[in-house]
Amino acid sequence: MQLDILTVCYLIGSVTFILGLKMLSNPATARKGNLIAAGGMGIAIFGTIFLYQTDNGKGLHNYVWIFSGLIIGSIIGTLAAKKVKMTSMPEMVSLFNGMGGACAALISAVEFDHVYREFRLDTNSFADSVPFVHYFTISAGAIIGGISFAGSIIAWGKLNGRIKDFSFNGQHILNLLVLGFVLSIAGFTYWSHASITNIWFLITLLSAFVYGVLFVLPIGGADMPVVISLLNSFTGIAAAFGGFLYNNKVMLTGGILVGAAGTLLTMLMCKAMNRSLMNVLIGSFGTKNAKATVGKQQGGNYKEITINDTATCMAYANKVMIVPGYGLAVAQAQHVCHELEKILDEKGVQVSYAIHPVAGRMPGHMNVLLAEADVSYDKLLEMEQANDEFKTTDVVLILGANDVVNPAAKSDAASPIYGMPILEVELAKSVIVNKRSMKPGYAGIENDLFFQPKTSMLFGDAKKVLQQLVSEIKNL
Amino acid sequence: MQLDILTVCYLIGSVTFILGLKMLSNPATARKGNLIAAGGMGIAIFGTIFLYQTDNGKGLHNYVWIFSGLIIGSIIGTLAAKKVKMTSMPEMVSLFNGMGGACAALISAVEFDHVYREFRLDTNSFADSVPFVHYFTISAGAIIGGISFAGSIIAWGKLNGRIKDFSFNGQHILNLLVLGFVLSIAGFTYWSHASITNIWFLITLLSAFVYGVLFVLPIGGADMPVVISLLNSFTGIAAAFGGFLYNNKVMLTGGILVGAAGTLLTMLMCKAMNRSLMNVLIGSFGTKNAKATVGKQQGGNYKEITINDTATCMAYANKVMIVPGYGLAVAQAQHVCHELEKILDEKGVQVSYAIHPVAGRMPGHMNVLLAEADVSYDKLLEMEQANDEFKTTDVVLILGANDVVNPAAKSDAASPIYGMPILEVELAKSVIVNKRSMKPGYAGIENDLFFQPKTSMLFGDAKKVLQQLVSEIKNL
Amino acid sequence: MQNFLQFITENQQMIYVVILMIFLGIEVIGRVPSVLHTPLMSGANAIHGVVIIGAIIVMGKSNDDNYLALILGFLSVVLGTLNVVGGFVVTDRMLEMFKKKK
Amino acid sequence: MQNFLQFITENQQMIYVVILMIFLGIEVIGRVPSVLHTPLMSGANAIHGVVIIGAIIVMGKSNDDNYLALILGFLSVVLGTLNVVGGFVVTDRMLEMFKKKK
Ligand SMILES: NC(=O)c1ccc[n+]([C@@H]2O[C@H](COP(=O)([O-])OP(=O)(O)OC[C@H]3O[C@@H](n4cnc5c(N)ncnc54)[C@H](OP(=O)(O)O)[C@@H]3O)[C@@H](O)[C@H]2O)c1
Ligand SMILES: NC(=O)c1ccc[n+]([C@@H]2O[C@H](COP(=O)([O-])OP(=O)(O)OC[C@H]3O[C@@H](n4cnc5c(N)ncnc54)[C@H](OP(=O)(O)O)[C@@H]3O)[C@@H](O)[C@H]2O)c1
């Protein structure tokens, strides 16, 4: 009876996960979807605590340990999630993902320990006493969980700048060798003498960590959101192996669901940037190519503009469109940007923002950034809307954006970003670009826009420039 | 071993069904999807024939019967499917669907017979010797299959005009009563004396047929595609019960898949016509309302035009757009329409067709109709494309279409078709409407378009009118 | 109630398969354009012809002297085959008409 | 090979569930707009925190004197909870920022 109710709890859990994920992929229902999945998770967790029975009909014990673990985890988790700055979200997700991976690896370790204690006095190998499927499930959980854990920690470190990009020739070959080592040791353990398998298992786990580190290390820091999404699907698969191990349906379905959805999401993310997953993992552009293409400057002429002129130009315009990009985010200039918008608004200028979906370093980066600065939602135009508006816009102010306004994406089939939809700012009457230099952006390519007659460059750090601009306009 | 291979066959079958259905819902892959599903079906069928084993390890016998059944079915099925006229497709689908339903019902009947032979000497009821789930599965398959069979046959009869719409007051109440009767008898059988359950079962089956007939009879003939789609999902569910019965995964998954997809498809079909499923089943418009609204004619003035004038008007236009509708289909005027198009083309007039997705009486009706008459594909414009073109069109010729060009769908919130996307023919310079009278179309409502100054009416049967038009233009 | 819960536990795998399949059926055709409604209906119709497998099993298991089962079984094999073969062929013919645009 | 086939038969229900779930995972998020990529990733991340159930089972089954299992189990409960709770809370916060347009 008790177990029957638990089955139903798990069924509810699985269904809420599917529903939740489905709703999460639609802006109108996303928030509700998250809550529904959370509710199902709660039911599955408390169902397990109170209704689970082992094969011999006993319930769980060690409640004190379990509840203290739950309480400690909840408090830390909630605080961390509430405190984190909006722009550090990917770091946070990466860290949480690492925790999940570690959890899966630990479970496998404990299960291995069970098996080991039973068979360590066996004079033969595991292969003689443990079914292969059982051993396979345990070590797959450990390895995948371990890779996900170590990789996530590195991704976290890269995102908050503690760990620098690091790559050398032959890195990819080394990685393959380490991966091969992990798999061979894992296989070897099964057939080795039962009394020492614990050492081999430990080596497997540790080398999985090493592989996780090496896997993420060479990938460009700016590509971390993609990597996190990939590691996210790894953890899902590790959780699914846990589900196999305990013949637990909700773990199995939840894990597989995330594993599949995470893999697709990773590919969708790459597609939104018009790159392939391979390209991200091997890290060809953003690192090497960047330097290569900077060389072949087209050497056109560009026009500079002073803060003073910019202020006049904007204050007397009818309609201004602001295009925020990665530079705005790193300069932390969202608040002063909002200030600029308000002042212009007071002067009767119609101001809105053109938001490119992959502007910045994570999808939706600009939305959260401007939301943090209290910019009102109806001022944020999506790409399609914005492209309709540019025709009637007097001044476009580009703040630290580059690739997302690069016309090469439309015109130059040889360009690495060819095919990516862009903001067509050239349709406006005039364009003012703020960045610190003529250096290229993320994709490492030249931007023709800067050399067009209607474009003027306004060099300087986005935050400083905006502050000066605001005071200039006030003084007009 | 043999059974293990069969499991894999079934797994392949299930996967191909999912893939096939997915591909069927995308124009680019639809045909391949159909073939993939067919391939999977073949694997599942031949796997069953050669690899199936009963519980006691024996294979199947009666191969002669089985193969003759397969061969007869295949020959008749292929011939029928190849011979049928394109516009009679829904009839054909309905008939095939009925066969599936009958097949499910027959299987249940044979299984019931098995159970009955075992327990008929029992002095007690089935309830004492047969598990409820087993009995439930058998009778659910019989009832749902029976309803689907009888309903499909009626739908087929209605579509080819052999059966007329038939409804009377209280019909819906009668239907509910019959349904209640079917279910009570089915329940009663389980608890009745085992030796006479066969009679009760027969009554259940027959009254399911009666319900199927009564269910479809009052629904307007024009709504049959929706009804067929609904019965299609019924047969899917009946097949799934067969899967339960034999613990057969491919039947179960295939049946459920079609049951779910068919239900959604039914709703999507209703939505494309801007109606609710309830509305279709209760049959409120298209039958009664039609007569009601015809009364309140707005009595505007309309302008007539002669064949002669139409010919001149079209022959000297630069760009003509033809809007085909249900009237063209019933008049079988697609071939002469294609002729008109060719003649105009020779005269240097640019001609294309504006295809509304629900023009006619089945989705895609106009596409298959014009394809049958060899109209080339790039002349068929989808609704959105067509709406962009009307602005630059000189003459729109509407052939037996009515609701799909009714501006009330955009402007009159009280209209039953309000919200349905329409072809915006008023954007063109002039509009010529061919129909036989001022009577309304399917939705039974007045059409303002006919009373507008730029519209001229060209009364007559579509085929005759087009023939005259062609010869007139030739003589110009 | 308890019976019902027990039924769920005993058949939980089956129930999972059914629920997931329902979700899939709905998701998979969620974006179908209206012109494809008729061919899709027809394709789905062919797929539920999988019920023929039941007919084959019935036929292949029935004793040589059970004429009722033999006749009904034979009939159901014929009807099921009609559903499957006719369904796929007619769908293919229909889709031939819709060839690719542009 | 025979072993493998046998494994498939024995676990066929499980395999069906896995395959259907893979299809569902892919179908369900197929149409996500790019601005939602980050919250979706974060929500999916919270869902795989379901691994905590394994941690609870490990913890609740281990003997009182098996300190290794107790400590590792405790650690995994804490980590799993972090994943679940942190994941859902952070996703909710993110989505709050995306409120409805227009
Ligand atoms: N959103 C995502 O999910 C995601 C994830 C990974 C990668 N990406 C990629 O990132 C790119 C996003 O395009 P984007 O236009 O936003 O950025 P971008 O192309 O990387 O350009 C950013 C520009 O900002 C300038 N900048 C840097 N710091 C600045 C500061 N403090 N003040 C003012 N300007 C500053 C830089 O020029 P200076 O150095 O001259 O100042 C740089 O050219 C795309 O290529 C996209 O594919 C996106
Ligand atoms: N496509 C689907 O899946 C589907 C399914 C069910 C229902 N429907 C509904 O059907 C309607 C389709 O719109 P529609 O514009 O194609 O058709 P409609 O609104 O039904 O109008 C057809 C018109 O054709 C005329 N007509 C009939 N026979 C004719 C002949 N021999 N020669 C010339 N004209 C003739 C009729 O007028 P006269 O009597 O004056 O000649 C009638 O007004 C929509 O309301 C749609 O919702 C569609």
_Kindly evaluate A:MET89 against the criterion of being more than 25 Å from A:CYS9 (Cα to Cα) and at the interface with chain D (Cβ under 7 Å from one of its Cβ atoms)._
yes
*Name the residue, out of B:GLY220, B:GLY259, that is more than 16 Å from ligand 1 (Cβ to nearest atom) and over 27 Å from D:THR9 (Cβ atoms).*
B:GLY220
_Residue under evaluation A:ARG120, criteria (1) within 23 Å of A:MET362 (Cβ to Cβ); (2) surrounded by fewer than 19 Cβ atoms within 10 Å (Cβ to Cβ), criterion not met_ = (1)
*If you go through segment B:330-348 one residue at a time, how many are out of contact with any helix residue (DSSP H, G or I) (no Cβ under 7 Å at 6 or more places or on another chain) and either within 16 Å of ligand 1 (Cβ to nearest atom) or not in a helix (DSSP H, G or I) (or both)?*
1
*Could you say which residue among B:GLY161, B:GLY157 is in a helix (DSSP H, G or I), modelled with pLDDT under 95, farther than 21 Å from C:VAL78 by Cα and of a type in the set (Gly, Ala, Ser)?*
B:GLY157
*asked:* For segment B:214-237, give me each residue that is within 19 Å of B:VAL182 (Cβ to Cβ) and at the interface with another protein chain (Cβ under 7 Å from one of its Cβ atoms).
replied: B:THR235
*Which residue out of C:PHE88, C:PHE98, C:PHE4 is more than 7 Å from every other protein chain (Cβ to nearest Cβ) and not acidic (Asp, Glu)?*
C:PHE4
*Check on A:PHE132, over 23 Å from the mean Cα position of the chain (by Cα), among the aromatic types (Phe, Trp, Tyr) and closer than 30 Å to A:VAL226 by Cβ*: no
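So if I check each of B:LYS463, B:LYS439, which one is closer than 22 Å to B:ASN274 by Cα, among the basic types (Lys, Arg) and within 15 Å of ligand 2 (Cβ to nearest atom)?
B:LYS439
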*Taking A:ALA150, is it buried (at least 20 other Cβ atoms within 10 Å of the Cβ), modelled with pLDDT of 90 or more and at negative phi?*
yes
_List pairs: first residue in segment B:317-334 and more than 16 Å from B:THR392 (Cβ to Cβ), second residue away from ligand 1 (no atom under 16 Å from the Cβ) and of a type in the set (Asp, Glu) anywhere in the structure, Cβ distance under 9 angstrom, at least six positions apart or on different chains._
B:GLY325/B:ASP403; B:TYR326/B:ASP403; B:GLY327/B:ASP461; B:ALA331/B:ASP461; B:ALA333/B:ASP461; B:GLN334/B:GLU372
*Inside segment B:11-38, can you point out the residues that are more than 7 Å from chain C (Cβ to nearest Cβ) and under 12 Å from C:LEU36 (Cα atoms)?*
B:MET23, B:ASN26, B:THR29
_Give me the residue from segment B:48-63 that is of a type in the set (S, T, N, Q) and more than 9 Å from chain C (Cβ to nearest Cβ) and, out of that set, surrounded by the fewest Cβ atoms within 10 Å (Cβ to Cβ)._
B:ASN56
*From the set of residues in segment A:352-404 that are over 16 Å from A:ASN434 (Cβ atoms) and aromatic (Phe, Trp, Tyr), which is farthest from ligand 2 (Cβ to nearest atom)?*
A:PHE390
*Considering only residues that are in a helix (DSSP H, G or I) and either within 14 Å of chain C (Cβ to nearest Cβ) or modelled with pLDDT of 80 or more (or both), look in segment B:274-307 and name the one that is nearest to ligand 2 (Cβ to nearest atom).*
B:VAL280
*What is the one condition in (1) over 18 Å from B:ILE147 (Cβ atoms); (2) in contact (Cβ under 8 Å) with a residue 24 or more places away in the chain; (3) of a type in the set (Phe, Trp, Tyr) that B:TYR246 does not satisfy?*
(2)
*Could you check how many residues of segment D:41-73 are surrounded by fewer than 21 Cβ atoms within 10 Å (Cβ to Cβ) and out of contact with any Leu (no Cβ under 7 Å at 6 or more places or on another chain)?*
8
_Residues that are hydrophobic (A, V, I, L, M, F, W, C) and not assigned by TED's automatic domain parsing to the domain that holds C:GLU96: list the helices (runs of 4 or more DSSP H) wholly contained in segment C:1-85 that include at least 1 such residues._
C:2-10, C:12-28
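Looking at segment A:92-124, which of its residues are charged (D, E, K, R), more than 8 Å from chain D (Cβ to nearest Cβ) and in contact (Cβ under 8 Å) with a residue 12 or more places away in the chain?
A:ARG120, A:ASP122
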*For the subset of segment B:45-92 comprising residues that are touching a Phe, Trp or Tyr at 6+ places or on another chain (Cβ under 6 Å), outside the structural domain of B:VAL226 (by TED's automatic domain parsing) and assigned to a helix (DSSP H, G or I), which member is nearest to B:MET1 (Cα to Cα)?*
B:TRP65
*Which condition number does D:HIS48 fail, the rest of (1) at the interface with chain A (Cβ under 7 Å from one of its Cβ atoms); (2) free of Cβ contacts under 8 Å to residues at least 12 places away in the same chain being met?*
(2)
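The values are calculated or read from the model by the stated rules, or taken from the named source; none is laboratory data. The shown structure was predicted, so the numbers you read here are calculated from the model rather than taken from an experiment. Ideal geometry is used to build each Cβ from the backbone, glycine not excepted, and the neighbour counts take in all protein chains shown.
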